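Participant: First the structure, which I've put down as structure tokens, then a few questions once you've had a look.
The values are calculated or read from the model by the stated rules, or taken from the named source; none is laboratory data. From a predicted model like this one, the values you see are computed outputs, not experimental measurements. So basically every Cβ, Gly included, is an ideal-geometry build from the backbone, and we count neighbours across all protein chains shown.
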Amino acid sequence: MDNWKFSELKYERPNFEAEADFLRAQIEKINNAKSADDVFKVIEEVEKESAELSANVTVCSVRHTLDTKDKFYEEENEWIHQKLPEFSAVGIAYGDALDKCAFREDIVKKYGKMFFVNIDLSKKRFCEKNIPLMQKEALLTDEYQKIMAGCEISFDGKTVNLYGIMKYFEHEDRNIRKAAFKAYSDFYASNETRLEEIWDELIKVRNEMGRNLGFDNFIPLGYLRQGRTDYGVKEVESFRAQVKDVIVPVCEKLYEAQAKRLGVDKVMAYDEEMVFADGNAHPAGDDDFMISKAREMYHEISPETGEFIDFMIEHELMDLKNKPGKASTGYMTSLEKYSAPFVFSCFNGTIFDMQVLTHELGHAFAGYMAMRNQPISDYYSETTDIAEIHSMSMEQFAYPYAERFFGDDADKFRFAHLQEAITFVPFGVSVDEFQHICYANPDLTPKERTYEWHKLEEKYMPWRKYEDDEFMERGGYWYHKLHIFLYPMYYINYCLTTMGAMEFKAKDHENHEKAWEDYLNLCKCGGSLTYLETLKLANVSCPFEDGAVKKATSYATGILLDEIAKQ
């Protein structure tokens, strides 16, 4: 099936009962297997069947986010989210049968040790008592997404969504930037009561899940969900401390320099996206222009990326243009049946569009390579703390091609993008620490939780100031970060992997061929190794070691500090 397109794929409601019966039959075959080949045949059959099932689940999910007003896919998506937790029980039983079978060592020899590491992770994070809680969690997160997707802000004579209003954060007129930021803030403030309730319910539901598994709260389960096997809370805490000591002072210097460039006493929150007084870099063409330039770029980067981008475009595997009703999010997902990634986002006419074409497509390229180099679907995707290295490194590999996308503004793009890569990290660790605080202290009131965010801004983002915005001043900024609601304990991955991406930037400067070889090896290995083993394969340092943050970011911060010294 070579000529398919995503828009033409047929969706069929998954028959979870039949799928469960199929898995039970495979468990019987495992239990009665006379040879390793008998077990391998079962694994191959399950791979084929699960690819069919996941294709329907993914098609439904994507089409729901493409148009959240489409009632059919909204209802199908909700139905699937209610069925999946129930179906997971038989999946655990299938893994358990493989774990206990007589040919376990043969499976390890064929597929590697991560085969059973993943099975063990699945068992550790599942129990029957959590099924109704997982269903409730899905309803709550779906509601949050509906609120975000339903955003309609009247501004500048237009009705815009969240991505649309953010474009004005880069407007040359400071009063317009301030008004746009206030309109953005007002949207969250107007929904604060329900968002407080959703977050409160999620904390209770997730903490109960953790307790049902023998933990004090959700945090250990959150780490298990992220597939973390070779580090824990203490290592993450040590990383956050390094960020405070190393990166926060650099950010303060960068924002002081930005204030001078803008001719203001202090960069306010609504000024942060306005990097240059005479205007930020803007795409040199429309959405189609950007996509065409991305195709040119990927053909020049390497034969592998050229083949990849053609595949994505020919099969309609990117939906990037903003439109009403489209979910306010960005992601890469996979259609294993077709060995195909899918990329979703919302262009808004800023440098963000270039980040979509590199960040999300970096994820997609990694998935594309893993699906062609790994033997089983478990290895098609890596742990989330590795995944963001693919995306953020691709952003850096794209720097030499900036003129294609931004013309004379290319240097502006490179500086602003690199500054954002560094200044983002303190925000990212704040999101992570905020979640730890909330789950570890469930008796905090909603307003007390929000004030905890305010204190984290003082700790990690001392430059952050709001003006005439009571909601933001008391800590309301955290509400906009969808990962807190949808993907618990995920966000620190962006910070850890920034270190890897900055190392790739430095390596690319020293020896492009070697850096690209390491990057390809990283993409090809997928999830076949542990986190630390994958870093070693790609010749990337462990971010938890003493001095790791300074080592990883020194080249990039040197570029930025040298540049502001010239201004």
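Participant: Hey, does the range 438-451 have a residue that's surrounded by 20 or more Cβ atoms within 10 Å (Cβ to Cβ), in contact with an Asp or Glu (Cβ under 8 Å, 6 or more places away or on another chain) and among the aromatic types (Phe, Trp, Tyr)?
Facilitator: no
Participant: What about residue 325, is it among the small types (Gly, Ala, Ser), in contact with a His (Cβ under 7 Å, 6 or more places away or on another chain) and surrounded by fewer than 24 Cβ atoms within 10 Å (Cβ to Cβ)?
Facilitator: It is false that residue 325 is among the small types (Gly, Ala, Ser), in contact with a His (Cβ under 7 Å, 6 or more places away or on another chain) and surrounded by fewer than 24 Cβ atoms within 10 Å (Cβ to Cβ).
Participant: List the residue pairs whose Cβ atoms are under 6 Å apart, where the first residue sits in the range 171-185 and is closer than 20 Å to residue 278 by Cα and free of Cβ contacts under 8 Å to residues at least 60 places away in the same chain, the second is of a type outside the set (D, E, K, R) and surrounded by fewer than 16 Cβ atoms within 10 Å (Cβ to Cβ), and the two are 6 or more positions apart or on different chains.
Facilitator: Close Cβ pairs (under 6 Å, with a partner that is of a type outside the set (D, E, K, R) and surrounded by fewer than 16 Cβ atoms within 10 Å (Cβ to Cβ)) do not exist here.
Participant: Quick one: which residue in 515, 506 is among the hydrophobic types (A, V, I, L, M, F, W, C), surrounded by 21 or more Cβ atoms within 10 Å (Cβ to Cβ) and not in a loop (DSSP other than H, G, I, E, B)?
Facilitator: From the options 515, 506, the qualifying one is 515.
Participant: I've got another one for you. So which pairs qualify, if the first residue must be in the range 10-24 and touching a residue at least 24 places away in the same chain (Cβ under 8 Å) and closer than 20 Å to residue 43 by Cα, the second must be surrounded by 16 or more Cβ atoms within 10 Å (Cβ to Cβ) and acidic (Asp, Glu), the Cβ gap must be under 8 Å, and the two must be at least 6 apart or on different chains?
Facilitator: Listed by first residue and then by second, the contacts come to 16/86.
Participant: Still on this structure: Search the range 333-353 for residues being among the small types (Gly, Ala, Ser) and assigned to a loop (DSSP other than H, G, I, E, B), and hand back the single one that is nearest to residue 171 (Cα to Cα).
Facilitator: Among them, the one singled out is 349.
Participant: Could you grab me the full set of residues in the range 9-22 that are part of a helix (DSSP H, G or I) and within 29 Å of residue 317 (Cβ to Cβ)?
Facilitator: Selection gives 16, 18, 19, 22.
Participant: Restricting attention to the range 344-359, report how many residues are surrounded by fewer than 22 Cβ atoms within 10 Å (Cβ to Cβ) and under 15 Å from residue 316 (Cα atoms).
Facilitator: Counting residues in the range 344-359 that are surrounded by fewer than 22 Cβ atoms within 10 Å (Cβ to Cβ) and under 15 Å from residue 316 (Cα atoms) gives 1.
Participant: Moving on to the next point. Of the residues 61, 50, which is in contact with a strand residue (DSSP E or B) (Cβ under 9 Å, 6 or more places away or on another chain) and either assigned to a loop (DSSP other than H, G, I, E, B) or polar (S, T, N, Q) (or both)?
Facilitator: 61
Participant: So, one more: Picking from 552, 501, which residue would you name as being within 18 Å of residue 398 (Cβ to Cβ) and of a type in the set (Gly, Ala, Ser)?
Facilitator: So the residue among 552, 501 that is within 18 Å of residue 398 (Cβ to Cβ) and of a type in the set (Gly, Ala, Ser) is 501.
Participant: Within the range 376-414, how many residues turn out to be outside any helix (DSSP H, G or I), β-branched (Val, Ile, Thr) and at pLDDT below 95?
Facilitator: 1
Participant: Report yes if residue 285 is of a type outside the set (D, E, K, R), over 23 Å from residue 57 (Cα atoms) and touching a Lys or Arg at 6+ places or on another chain (Cβ under 9 Å), otherwise no.
Facilitator: yes
Participant: Same structure again: Does any residue in the range 114-126 that is under 17 Å from residue 90 (Cβ atoms) come within less than 8 Å, Cβ to Cβ, of a residue that is of a type in the set (Lys, Arg) and surrounded by 20 or more Cβ atoms within 10 Å (Cβ to Cβ) six or more places away or on a different chain, and which pairs are these?
Facilitator: Filtered contacts from the range 114-126: no entries.
Participant: So, one more: Could you please let me know if residue 296 is at pLDDT 95 or above, part of a helix (DSSP H, G or I) and under 25 Å from the mean Cα position of the chain (by Cα)?
Facilitator: So residue 296 does not fit the description; no.
Participant: Which of the residues spanning the range 93-113 are assigned to a helix (DSSP H, G or I) and either modelled with pLDDT under 95 or touching a Pro at 6+ places or on another chain (Cβ under 9 Å) (or both)?
Facilitator: 110, 111
Participant: May I pose another question? Considering 506, 538, which residue is among the aliphatic types (A, V, I, L, M), modelled with pLDDT of 95 or more and closer than 23 Å to residue 247 by Cα?
Facilitator: Only one candidate qualifies: 506.
Participant: Tell me, yes or no, whether the range 28-45 has at least one residue that is within 24 Å of the chain's Cα centre (by Cα) and assigned to a helix (DSSP H, G or I).
Facilitator: No, the range 28-45 has no match at all.
Participant: Residues to consider are 197, 172, 252, 256; find the one that is among the acidic types (Asp, Glu), within 30 Å of residue 146 (Cα to Cα) and over 24 Å from the mean Cα position of the chain (by Cα).
Facilitator: Exactly one of 197, 172, 252, 256 is among the acidic types (Asp, Glu), within 30 Å of residue 146 (Cα to Cα) and over 24 Å from the mean Cα position of the chain (by Cα), namely 197.
Participant: So, in the range 14-53, how many residues would count as being surrounded by fewer than 18 Cβ atoms within 10 Å (Cβ to Cβ) and over 30 Å from residue 73 (Cα atoms)?
Facilitator: Within the range 14-53, residues that are surrounded by fewer than 18 Cβ atoms within 10 Å (Cβ to Cβ) and over 30 Å from residue 73 (Cα atoms) number 13.
Participant: A further question follows. Hey, can you tell me all the residues within the range 255-275 that are in a helix (DSSP H, G or I), surrounded by fewer than 22 Cβ atoms within 10 Å (Cβ to Cβ) and among the hydrophobic types (A, V, I, L, M, F, W, C)?
Facilitator: 257, 259, 262
Participant: Also: Looking at 216, 200, 230 in this structure, which one is in a helix (DSSP H, G or I) and surrounded by fewer than 19 Cβ atoms within 10 Å (Cβ to Cβ)?
Facilitator: Answer to the check: 200.
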